[in-house]
Amino acid sequence: KKSEQELKDEEMELFTKYYMEWKGGKKSDSISYANIPRFYYRLPAEDEVLLQKLREESRAVFLQRKSRELLDNEELQNLWFLLDKHQTSPMIGEEAMINYENFLKVGEKAGPKCKQFFTAKIFAKLLHNDPYGRISIMQFFNYVMRKVWLHQTRIGLSLYDVAGQGYLRESDLENYILELIPTLPQLDGLEKSFYSFYVCTAVRKFFFFLDPLRTGKIKIQDILACSFLDDLLELRDEELSKESQETNWFSAPSALRVYGQYLNLDKDHNGMLSKEELSRYGTGTLTNIFLDRVFQECLTYDGEMDYKTYLDFVLALENRKEPAALQYIFKLLDIENKGHLNVFSLNYFFRAIQEQMKIHGQEPVSFQDVKDEIFDMVKPKDPYKISLQDLINSSQGDTVTSILIDLNGFWTYENREVLVASDNDNTADVDDT
């Protein structure tokens with residue numbers, strides 16, 4: 001009777017033989033050819049159904065194997081038991097610690113799946129200021145849990161990677177989130193009729209921030225590296241506070257708020273927003289010139305904006321400190337498409353702020369003063385023009401853009417000292433009581 005390894009070797013030998021025959025050629029006798037590593041793997045064409053199926057099946061088997069290599073709940077419990085058993089005294093407060101010697105002992109007993117975590121590099125990474133050269137057991141266990149979660153999530157996302165190239169298209173991510181909804185207790189109250197709008201709202205945040213070049217796809221690696229997935233999976237917590245829900249873009253209240261605003265703006269109920277309808281967004285103080293630019297640069301249908309384009313607009317204005325949001329607004333401000341803002345473009349937008357101030361009976365502020373303040377805030381490399389990178393590096397991008405596009409934003413900036421004093425007075429009143 002042949003051993004399992006012998007059977008596998010024989011199977012591989014036969015597979016290689018038949019595969020080479022099917023390709024219609026033998027291995028080249030050229031020595032140089034044998035030494036060149038394979039660097040290109042052609043994807044099967046649409047009409048190569050068998051090859052496509054083979055590729056899909058092999059990917060599925062590969063992902064299953066990777067999934068089996070991860071620690072399950074029982075193995076994690078056993079790891080915690082071993083760590084607790086080998087903790088090294090003395091205790092510091094309530095924190096259990098372990099030294100390197102005991103750390104290696106646990107590694108030997110924990111089994112082959114845990115071997116990758118018990119290295120000198122990981123121990124050194126978690127070593128801080130302990131006088132006895134130990135690490136926190138809880139910190140190490142959390143590190144292992146995080147790694148296992150990341151690998152699980154990577155495998156879960158890869159199942160939706162139809163192309164098998166390490167990225168998700170918009171439709172792939174939509175399918176992932178749609179199938180995730182039933183596993184999130186915080187979304188239990190959502191009507192099924194709202195699912196498509198919820199999925200669109202959730203997916204848009206990923207693509208707005210992780211696909212700045214608008215290629216229509218995001219690397220799975222980038223999804224794992226950002227915090228958005230953590231925010232989305234936070235909705236598994238049945239005890240999630242009201243404050244956390246309000247600040248989480250993916251929560252039901254947040255999604256309903258954004259969609260509700262869209263419906264309220266849509267006065268003619270045609271499912272789209274005209275420039276006049278969008279002008280009432282927020283405090284209704286965005287300038288007409290800025291709104292003109294939105295409709296010139298963003299995707300519209302017969303001059304009206306759909307929900308997806310509206311979501312990009314909201315994400316940009318609600319996250320003005322973020323580079324992706326600044327990139328969105330900068331493109332609108334760069335009316336000459338030169339890659340920088342000069343005095344002319346700043347004056348072009350600020351003139352609309354001055355006109356609004358006149359309408360509201362306020363004394364218009366001199367553009368010269370505002371221009372100098374903007375250049376002082378940004379401190380651009382070139383004293384005559386401001387690039388997107390200058391705006392991002394200055395950490396004042398949100399203030400500068402608010403001054404140029406929103407009367408309310410400009411008023412807040414102009415009266416910042418009065419507002420700070422008012423806040424201090426209110427704090428003092430609360431302290432007195």
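The values are calculated or read from the model by the stated rules, or taken from the named source; none is laboratory data. Bear in mind the structure is a predicted one, so any value in this text is a computation, not a measurement. Cβ coordinates were reconstructed from backbone atoms using ideal geometry, including for glycine residues, and neighbour counts include every protein chain displayed. Surface areas here come from the heavy atoms of the whole protein model, side chains and all, with no ligands, DNA or RNA. Shrake-Rupley method; radii C 1.70, N 1.55, O 1.52, S 1.80 Å.
For the reader, a short list of remarks on this structure follows.
- Residue count for region 7-24 satisfying the condition of being under 15 Å from L51 (Cβ atoms) and either among the small types (G, A, S) or within 44 Å of the chain's Cα centre (by Cα) (or both): 4.
- Scan of region 65-76 for residues that are surrounded by 11 or more Cβ atoms within 10 Å (Cβ to Cβ) and outside any loop (DSSP other than H, G, I, E, B), ordered by number: K66, S67, E75, L76
- Count of residues meeting criterion [touching a residue at least 40 places away in the same chain (Cβ under 8 Å), in contact with a helix residue (DSSP H, G or I) (Cβ under 6 Å, 6 or more places away or on another chain) and assigned to a loop (DSSP other than H, G, I, E, B)] in region 88-137: 2
- Enumeration of residues in region 232-244 that are in contact (Cβ under 8 Å) with a residue 12 or more places away in the chain and either loosely packed, with under 15 Cβ neighbours inside 10 Å or within 17 Å of L315 (Cα to Cα) (or both): L232, R236, D237, E238
- Scanning region 329-359 for residues that are in contact (Cβ under 8 Å) with a residue 12 or more places away in the chain and either among the β-branched types (V, I, T) or in contact with a Cys (Cβ under 9 Å, 6 or more places away or on another chain) (or both) turns up I329, L332, I335, V343, I353.
- Within region 133-176, if we keep just the residues that are under 17 Å from the mean Cα position of the chain (by Cα), open to solvent by 30 Å² or more (accessible area, probe 1.4 Å) and among the hydroxyl-bearing types (S, T, Y), the residue that is farthest from A60 (Cα to Cα) turns out to be S171.
- Among the residues making up region 201-220, those that are out of contact with any strand residue (DSSP E or B) (no Cβ under 7 Å at 6 or more places or on another chain) and either surrounded by fewer than 18 Cβ atoms within 10 Å (Cβ to Cβ) or at pLDDT below 95 (or both) are P212, L213, R214, T215.
- Members of region 184-223 found to be more than 26 Å from R320 (Cβ to Cβ) and of a type in the set (A, V, I, L, M), listed by number: L184, L187, L190, I220
- Checking I353, I335 one by one, the residue that is open to solvent by less than 70 Å² (accessible area, probe 1.4 Å) and part of a loop (DSSP other than H, G, I, E, B) is I335 and no other.
Condition check ((1) more than 28 Å from W249 (Cβ to Cβ); (2) of a type outside the set (A, V, I, L, M)) across all residues:
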{"site": "A316", "(1), (2)": "no, no"}
{"site": "E322", "(1), (2)": "no, yes"}
{"site": "I335", "(1), (2)": "yes, no"}
{"site": "K338", "(1), (2)": "yes, yes"}
{"site": "N342", "(1), (2)": "yes, yes"}
{"site": "K379", "(1), (2)": "yes, yes"}
{"site": "I386", "(1), (2)": "yes, no"}
{"site": "S402", "(1), (2)": "no, yes"}
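- Subset of region 286-302 (residues that are open to solvent by less than 30 Å² (accessible area, probe 1.4 Å) and either part of a loop (DSSP other than H, G, I, E, B) or among the β-branched types (V, I, T) (or both)): T287, V294, C298
- Any hit, region 273-282, residues being surrounded by fewer than 16 Cβ atoms within 10 Å (Cβ to Cβ) and in contact (Cβ under 8 Å) with a residue 60 or more places away in the chain: yes
- Filter result for L229 (outside the structural domain of G409 (by the TED database), open to solvent by less than 30 Å² (accessible area, probe 1.4 Å) and either at pLDDT 95 or above or over 30 Å from Y348 (Cα atoms) (or both)): yes
- Under the condition of being under 28 Å from G111 (Cα atoms) and of a type in the set (D, E), the residues counted in region 48-92 number 5.
- Meeting the requirement of 3 or more residues that are among the hydroxyl-bearing types (S, T, Y), the helices (runs of 4 or more DSSP H) wholly within region 373-415 are 397-405.
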